[in-house]
Amino acid sequence: MKILLYGSSHLTAASYERIKDEFDFVGHVHGKARIPGIIDLPVVKHPKDCPHDIKLSIQYHKKIFDYKNAFNIHTGLLPGWGGGDILYHTIKNGEREQGITFHKMTDKFDYGPIISKITYPVFEGDSVVDLYERVTNIVPSFVRSSLKLLESIGLENIDKCYKQVPKIFKKKEEIGPLDLKEYEKMGNKLAALYGVQSD
């Protein structure tokens, strides 16, 4: 199975490093990332020019319009946690659990057959930084197990998986002005933690 990777974040790079020797990655579609990572794959400007079986999106910042055999690692539990800024909304809502979802992409955001999910705990007093560190610890292995599951299920059976319209949290639109300053401080702290410059 030839995989075209979408995304350029620290999380994308950490996942790729964990699984690059087990899967056949043919290229990388660069994306904008607040916390960038280094991915040692050829950059692909025109995906149609790079033969692949599936597209794998990990924190890619744009909609993928050619969503045939495109899959996404979403940093929230679908269908209840679609959209962006999931870690912020998790803390703001006082949730005690969050997770990661691997799903097939469609023409609608975060709506497509769900292949696998994993959860992690959220503790009182956690910050966005705490949750991002937790996510970084579990996503690389989750990506590996999800791709193995995809191989065993077969692409022809994915549309039989469960799907439901997600609740969507729109990026930054639901973050109040006072919280936005705190949120940006957390983003800068994360960038410093991983030793990169914030966008």
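None of the figures in this text is laboratory data; all of them are computed from the coordinates on show. Predicted, not measured: the structure shown is a model, and the values here were computed from it. Every residue, glycine among them, receives a Cβ derived from its backbone with ideal geometry; neighbour counts consider all protein chains shown.
Here are the numbers for the structure shown:
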{"item": "For the stretch 51-143, radius of gyration divided by Kirkwood radius, i.e. Rg to Rh on alpha-carbons", "result": "0.98"}
{"item": "Selection of trypsin sites (Lys or Arg not before Pro), the stretch 1-85, meeting DSSP coil and at most 14 other Cβ within 10 Å", "result": "LYS32, LYS45, LYS62, LYS63, LYS68"}
{"item": "GluC sites (Glu not before Pro) restricted to the stretch 90-179 and DSSP loop, no more than 12 other C-beta within 10 Å", "result": "GLU124, GLU173"}
{"item": "Cα-based convex hull volume of the chain per residue, rounded to whole Å³", "result": "116 Å³"}
{"item": "Estimated [θ] at 222 nm from DSSP helical runs (n ≥ 4, -39500 (n - 2.57)) normalised by residues in the chain, nearest 500", "result": "-10000 deg cm²/dmol"}
{"item": "Cα shape, the stretch 1-81, gyration tensor, a/c 1.5 rule", "result": "rounded"}
{"item": "Entries of LYS48/LYS163; LYS32/LYS189; LYS68/LYS104 with Cα pairs more than 20 Å apart", "result": "LYS48/LYS163"}
